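Here is the structure we will look at.
Every number in this text was worked out from the coordinates using simple rules, so none of it is lab data. Predicted model, so just to flag it, every value in this text is computed and none were measured. As a convention, Cβ positions derive from the backbone with ideal geometry for all residues, glycine included, and neighbour counts pool all protein chains shown.
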Amino acid sequence: MNTPLAVLIMIVAAFSLYLSRQRTQENGFFHGRSAEGDAPGLITLIFSQVTTWIFARSLLNAAILGFYYGIWGTLAYAAYYLSFFTGALIIDHLRFRQGHTSIQAFLHERFGHWGTRCYNLVIGVRLVSEVFANLLVIGILFGVAGSQAYTLAVLAVSLVTLIYSMLGGLHASLRTDLFQMLVFLAVLGLLLIFAVAGGHFSVALLDFKPFEISDPGPILLLVALLQVWSYPMHDPVMMDRGFLADRRTTWRSFIHAGWISTLCILAFGSLGVIAGAGAFSGEDMNQALTRLLGEWPMLLFSATLVISAMSTLDSTLSSSAKLVVMDMKLVPARVNNGRIAMVLFMLLGLALVFWGNKDLFSAVAVSGTASMYLAPVIFFSLWDNQRDIPLWSYLGSFVVALGGAVLYFTESSGYSALLGEAHKYTKLLWISLAVLVIGCLMFQIGSLSARRPRPSDSRMQVQP
């Protein structure tokens with residue numbers, strides 16, 4: 001057991017519990033309001049957005065991609081953070097220009113019950129995958145899968161996070177996000193100081209993996225640029241924070257969170273590039289970084305992952321409660337029902353940790369591909385405000401995207417080889433491009449057919 005890291009977890013957990021004042025009113029638990037009914041301020045929203053999107057899986061993925069594919073791998077993952085800018089446009093159109101109170105309300109108005117059913121399925125899977133992925137990172141930090149240290153770390157962090165999330169819901173999540181983000185920035189800053197002082201940053205890092213358009217790094221960058229249009233809309237944690245404050249505060253929170261989180265991801269991912277450039281044959285990323293930076297900087301490296309995991313877990317659980325109780329309305333709008341939903345999502349995430357796939361990026365790629373069914377919805381129904389798109393266009397786009405996500409999962413996991421022997425990221429690019437083009441074609445055809453006059457509407461009838 002990593003004793004210093006365990007002590008740090010206990011300190012962060014203790015402060016998080018202290019900050020999580022119990023909320024027994026629905027407005028605070030589900031909508032993040034203070035006891036006086038006030039919305040969160042700009043700084044709170046910015047830091048909450050940043051820390052919930054710089055989750056442990058993201059940090060580790062950015063570093064791993066940098067380790068294997070150089071700066072292009074890290075840039076590819078950082079490109080997903082353009083989602084804050086597209087997300088700002090989505091929220092502004094949906095909430096402030098068209099007056100909807102949630103994504104579900106918008107989809108129900110345009111596509112009926114099937115509009116919300118498809119969406120709720122996708123974001124439900126997204127939320128479970130977030131619980132799974134962040135707990136998985138916690139386990140990896142403490143030991144190999146199945147070891148006692150691995151199991152105890154996962155169970156301890158899940159229990160502590162669940163307790164303080166159940167106490168205060170979204171209001172507690174916002175308060176703890178602010179605290180956890182400040183700690184995260186301090187720890188990341190110290191880690192970068194160690195790296196700079198050791199002379200590990202240099203221009204030569206850019207040449208560690210030269211740019212070749214057919215290499216996995218640049219290919220993944222193209223994938224991110226395709227998926228970034230729809231990615232924010234299928235992330236309930238980001239979207240929920242778009243319905244808390246006034247228009248100006250909301251817009252500014254998204255914009256500032258976008259550039260701050262992108263810089264943080266690039267900074268952390270550069271550590272993976274350093275490890276890849278300096279690794280000996282047979283060394284993995286952690287071994288190379290430990291040799292290059294030393295034991296204490298690696299403790300800081302692990303600490304950033306732990307803090308980001310806890311901050312994302314509480315936000316994920318809060319969004320899970322809101323999804324089940326307020327958006328899907330499966331149970332009466334009571335705080336205790338939200339707490340039960342949190343427990344269920346945590347248990348589902350734990351089940352995947354101990355019995356699921358251990359590929360961290362697969363969860364990003366699969367959910368990102370599935371989310372692409374929303375791209376034509378955003379282009380045609382939201383930004384262009386077309387109200388006559390038929391249901392078959394929406395369902396067709398959903399089926400194609402879901403099929404693409406399943407195909408990528410089977411191809412990347414080795415269960416199928418329908419797309420040949422190409423690299424899995426090349427396959428992901430083909431699948432993403434096909435899903436986007438086919439979905440937009442379905443909406444375009446649906447839009448044209450809806451505008452075509454029906455025979456019964458014709459004025460060209462012969463008069464007696």
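Using each residue's phi in the stretch 421-428, evaluate 6.51 cos²θ - 1.76 cosθ + 1.60 at θ = phi - 60° and report the 3J(HN,Hα) Karplus result to the nearest Hz, with x for Gly and Pro.
9, 5, 4, 4, 6, 5, 4, 4
Residue by residue through the stretch 258-263, what is 3J(HN,Hα) from phi via Karplus (6.51 cos²θ - 1.76 cosθ + 1.60, θ = phi - 60°)? Round to whole Hz and write x for glycine and proline.
Going residue by residue, I get x, 6, 5, 5, 5, 5 Hz, with x marking Gly and Pro.
Between 0 and 90 degrees, rounded to the nearest ten: what's the tilt of helix 391-413 against the longest Cα principal axis of the chain?
For helix 391-413, the angle is close to 30 degrees.
Sorting check: for 224-234, 388-398, 96-106, which peptide has the highest mean count of neighbouring beta carbons within 10 Å, and how do the rest follow?
Details: 224-234: 22.9, 388-398: 20.0, 96-106: 17.4.
Per-residue mean Cβ counts within 10 Å order the peptides as 224-234, 388-398, 96-106.
Does the stretch 103-220 come out rounded, prolate or oblate, given a ≥ b ≥ c as the square roots of the eigenvalues of its C-alpha gyration tensor, rounded meaning a/c under 1.5 and, failing that, prolate meaning a/b above b/c? Don't jump to the answer; show the numbers that get you there.
Working: a/c = 1.89, a/b = 1.31, b/c = 1.45.
It comes out oblate by the Cα gyration axes.
Under 18 Å from the Cα of K209, which aspartates and glutamates turn up, not counting those fewer than eight places away in the same chain?
Cross-link targets: E283, D284.
Could you size up the charge dipole of the chain around its Cα centre, putting +1 on the beta carbon of Lys and Arg and -1 on that of Asp and Glu, and report it in debye to the nearest 20?
Details: 28 positive and 24 negative charges, 251 e Å.
Computed charge dipole of the chain: roughly 1200 debye.
What are the ³J(HN,Hα) values, in whole Hz, obtained from phi via the Karplus relation 6.51 cos²θ - 1.76 cosθ + 1.60 with θ = phi - 60°, for each residue of the stretch 271-287 in sequence order, with x given for Gly and Pro?
5, x, 5, 4, 5, x, 5, x, 6, 7, 4, x, 7, 8, 5, 4, 5
Rounded, prolate or oblate: which fits the stretch 1-102 when a ≥ b ≥ c are the square roots of the eigenvalues of the alpha-carbon gyration tensor, with rounded for a/c under 1.5 and prolate only if a/b beats b/c?
Values: a/c = 3.54, a/b = 1.15, b/c = 3.07.
It comes out oblate by the Cα gyration axes.
Cβ neighbours within 10 Å, averaged per peptide: list 137-150, 161-174 in order, most packed at the top. Each step should come with its number before you reach the end.
Details: 137-150: 17.6, 161-174: 25.4.
Peptide ranking by packing, descending: 161-174, 137-150.
Does the chain come out rounded, prolate or oblate by the C-alpha gyration tensor, with a ≥ b ≥ c the root eigenvalues, rounded set by a/c under 1.5 and, if not, prolate when a/b is larger than b/c and oblate if not? Before the final figure, lay out each step's value.
Working: a/c = 1.93, a/b = 1.33, b/c = 1.45.
Since a/c reaches 1.5 but b/c is at least a/b, the shape of the chain is classed as oblate.
Could you name the aspartates and glutamates whose alpha carbon sits less than 18 Å from that of K424, not counting residues in the same chain fewer than 8 places away?
E212, D215, D359, E411
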